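Since the structure comes first, as structure tokens, the remarks are kept for the end.
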Amino acid sequence: MVPALTAGGIAGKRLLVANRGEIALRVVRTCRVLGVVSVAAHSEADAGMPFVEEADEAVCIGPGPARESYLSVARVVEAARNARVDAVHPGYGFLSENPDLAESVEQAGIAFVGPRAETLRRLGNKVLAKEAAEKAGVPVTRGSGSLRDAAHAAEEAARIGYPVLLKAAAGGGGRGMRIVESPKGMEAEFRTASAEAKAAFGKDDLFLEGLVRPARHLEVQVFGDGEGRVVALGERECSVQRRHQKIVEEAPSPAVDASLRARLCSSAKALAEAARYRGAGTVEFLLGPEGRFQFLEMNCRLQVEHPVTEQVYGVDLVAAQIRLALGGGMPDFPSGEPRGWSVECRVCAEDPAREFAPSMGRIAALEAPTAPWVRWDGGFAAGDEIGPHYDSLLGKLVAWGDTRAEAVDRARDALGRLAILGPRTNIDFLGAILSHPRFREGRLSTSFLEEEFPGPWRPEEGDGGDAAVLAAACALMQEGPTGGRSAASPWTSLPGWRAGAREGP
Amino acid sequence: MTFTGTFRSGGRERRVSVTLKDGVLRGTLDGKAIPDTPVSRSAEGILLGAGRDAVRAVVARDGGRVLVHVGGRVHEFEIPDRTKQRRASPGRRHQPGDEAFAISPMTGTVVQVAVKAGDAVPAGAPLLVVEAMKMQFVVRAPRPVVVKAVHAAAGKPVDIGAVLVEFET
């Protein structure tokens, strides 16, 4: 074990991972490096998933539906007490920004890996966060307070001016978010947005924001020690979004130079310092066409897209979070400009040809590329079932390069070698985005995908090219005439050829 | 080892008859001889061909299908019946636009039904909303249609491919 990694007296402490999929696996593996004992809190549907198998210990917290497991404060707290952990890492999504979890955990004498409950109440609520940003001298967008109903929303929208954005006060990841172009769409959109917000966050509070179009989505990574010291680790650009769901992210942004970066970072720092922010957080901004930026919201947790920042600043944000929470102090973050460029693609189980409908089923094979500069943050393996209960994210493919073009080329090459067989995925679609001339020129806005890829998207048909047919024949040959693997096979097994359940470790 | 059979993919049939001996694949594809192809294992799958022209494939069986990842694409084949040649089963996959019904795009829960029998709706109008993986998916009319029957109710689970709304034809 490398002494530097386990420094700070945190080795041997215990941490509950209250999440699933790729982020849970990322936290579990980081715990191992730090010498921290990981306990995976998982639903019945996730027993046997890689994050459960790789954790040092595992505890089942309820049935498949998230409301009865990953979204249940009571179940997570009970699991944390019973497992006698020192800290709870909530990952992103689920309860990560839920002040009740943070409070209950800390009342039980357990550290919450994230900001204090009071910070989550204020900055996690988008309406209050805007007030805090304004107070800290950060430019903000026009908007409303909390909305009572659709009629109240229509009233406020008329004051702000259409188009408006309906958003969940407790939201994130585009859930419960809807663009409303005119008064006649308000009632239906209000209903859908509040149903989505209720399902995703357990709260259906909505508010309105004036829509800035075209705009780039920029965000600054911050990390605070909880006592007023905050570092800002540059920006990420996340303009490539489908239905407000980020798909491709990068750091730095092609639209940001050193002077704009300094201004963005100082705004983000001002807000986080005023809150005496603790741990990792992200301050989101919209950058208008004339180069002015406005505060959008603060995400009081680790972001899905944190790896791009890690690559260009050479930091491990998850290790930093865990160390701070367990009393190991604030790490020495680098200062200065980002090094090179990093691009992340979110690989999801969804079918672009069918309007990106979630695609379920068993993963028959999964081979992720490895190369210098290429990182695959995945959470699933061959044999795992992708079911209806959770988000469709399968993993994140991240590539680094000296220049933006090099990073994009490496990401595109790696996507071509990422083989996920079973559920349909958006891998081809991601490749098409990275190849698009406008993407390559860095001319992005949050409506980039709507404008360049409207409607369902069909990849070139996988029409059974010669090599594919021959490869299929080679694989079937092994089964022998009656099916099942032939004992007389000259190769005992083909990697990737898994006719049955997942093979043992 | 030998293999003879017909693969189906995207409505296309590929007849293949090959022998693998001493690491070399020989035989015919659609009746034409293929070049002798060295076949070997690679770290991540199987390699067809040699040197610069080698193609890497990842192959997996998924129920009645063989899935092959090659050249950045996923190819899906129905597993051929080796004893008798079947006709491609018609009507299992429908072309978009001409269906007599709307099917569920995914396994999930119906959260909202917007039409009832007898309704005439324009192309693109929402018929119902299905939710899964925290996402809501709006099922829309593929063309102007008159609703004949609705086989869905809010709150009820549905399977992928289930017929949700039938149209008058």
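For the reader, a short list of remarks on this structure follows.
- Some residue of the range A:430-439 being within 22 Å of the chain's Cα centre (by Cα), away from chain B (no Cβ under 14 Å) and part of a loop (DSSP other than H, G, I, E, B): no
- For the range A:440-457, the candidate set comprises residues that are part of a loop (DSSP other than H, G, I, E, B) and within 16 Å of A:P352 (Cα to Cα); within that set, the residue that is modelled with the highest pLDDT is A:F453.
- Annotation: A:A382 fulfils all but one of (1) in contact with a Pro (Cβ under 9 Å, 6 or more places away or on another chain); (2) not in a helix (DSSP H, G or I); the unmet one is (1).
- For the range B:123-134, taking the residues that are under 10 Å from B:G108 (Cα atoms) and buried (at least 22 other Cβ atoms within 10 Å of the Cβ), the one that is modelled with the highest pLDDT is identified as B:V130.
- Scanning the range A:92-119 for residues that are in contact with a strand residue (DSSP E or B) (Cβ under 7 Å, 6 or more places away or on another chain) and part of a loop (DSSP other than H, G, I, E, B) returns A:I110, A:V113, A:G114, A:P115, A:R116.
- Residue check, B:V68 touching a His at 6+ places or on another chain (Cβ under 7 Å), surrounded by 19 or more Cβ atoms within 10 Å (Cβ to Cβ) and at pLDDT 90 or above: yes
- Members of the range A:30-80 found to be of a type in the set (D, E) and outside any helix (DSSP H, G or I), listed by number: A:D56, A:E57
- Total residues in the range B:3-36, condition assigned to a strand (DSSP E or B) and within 7 Å of chain A (Cβ to nearest Cβ): 10
- Any hit, the range A:398-405, residues being crowded, with 24+ Cβ neighbours inside 10 Å and closer than 30 Å to B:S42 by Cα: yes
- For the range A:229-244, the set of residues classified as basic (K, R) and part of a strand (DSSP E or B) consists of A:R236, A:R242, listed by residue number.
- Of the set (1) under 20 Å from the mean Cα position of the chain (by Cα); (2) within 14 Å of chain B (Cβ to nearest Cβ); (3) not in a strand (DSSP E or B), all apply to A:V347 but (3).
- Some residue of the range A:52-64 being among the β-branched types (V, I, T), in contact with a His (Cβ under 8 Å, 6 or more places away or on another chain) and either crowded, with 24+ Cβ neighbours inside 10 Å or farther than 27 Å from A:D316 by Cα (or both): yes
- Filter result for the condition that a residue is of a type in the set (K, R), in the same structural domain as A:S253 (by TED's automatic domain parsing) and under 25 Å from A:I363 (Cα atoms), over A:R404, A:R417, A:R438: A:R417
- Scan of the range B:18-33 for residues that are surrounded by fewer than 18 Cβ atoms within 10 Å (Cβ to Cβ) and over 28 Å from A:E367 (Cα atoms), ordered by number: B:T28, B:D30, B:G31, B:K32, B:A33
- Taking each residue of the range B:48-77 that is more than 7 Å from every other protein chain (Cβ to nearest Cβ) and farther than 19 Å from A:A411 by Cα and looking for partners that are in a strand (DSSP E or B) and among the charged types (D, E, K, R) with beta-carbon atoms closer than 7 Å, six or more apart or interchain, yields B:G64/B:E78; B:R65/B:E76; B:R65/B:E78.
- Qualifying positions in the range A:195-233 - modelled with pLDDT of 95 or more and under 18 Å from the mean Cα position of the chain (by Cα): A:H217, A:L218, A:E219, A:V220, A:Q221, A:V222, A:F223, A:L233
- Residues (assigned to a strand (DSSP E or B), modelled with pLDDT under 95 and over 20 Å from the mean Cα position of the chain (by Cα)) located in the range A:386-417: none
- Qualifying residue in the range A:67-84 (condition: among the aromatic types (F, W, Y), surrounded by 24 or more Cβ atoms within 10 Å (Cβ to Cβ), in contact with a Leu (Cβ under 8 Å, 6 or more places away or on another chain) and not assigned by TED's automatic domain parsing to the domain that holds A:S392): yes
- Selection count, the range B:126-169, where residues are without any contact (Cβ under 8 Å) to a residue 40 or more places away in the chain and either more than 12 Å from chain A (Cβ to nearest Cβ) or aromatic (F, W, Y) (or both): 13
- The one condition from (1) farther than 23 Å from A:W341 by Cβ; (2) of a type in the set (A, V, I, L, M, F, W, C); (3) assigned to a loop (DSSP other than H, G, I, E, B) that A:I420 does not meet is (3).
- Residue within the range A:167-189 that is at positive phi, at pLDDT 90 or above and not aliphatic (A, V, I, L, M) present: no
- Just so you know, in the range A:368-390 the residues that are within 11 Å of chain B (Cβ to nearest Cβ) and touching a helix residue (DSSP H, G or I) at 6+ places or on another chain (Cβ under 7 Å) include one that is surrounded by the most Cβ atoms within 10 Å (Cβ to Cβ), and it is A:Y390.
The values are calculated or read from the model by the stated rules, or taken from the named source; none is laboratory data. Source: prediction; values computed, not measured. Note: ideal-geometry Cβ built from the backbone for every residue, glycine included; neighbour counts use all protein chains shown.
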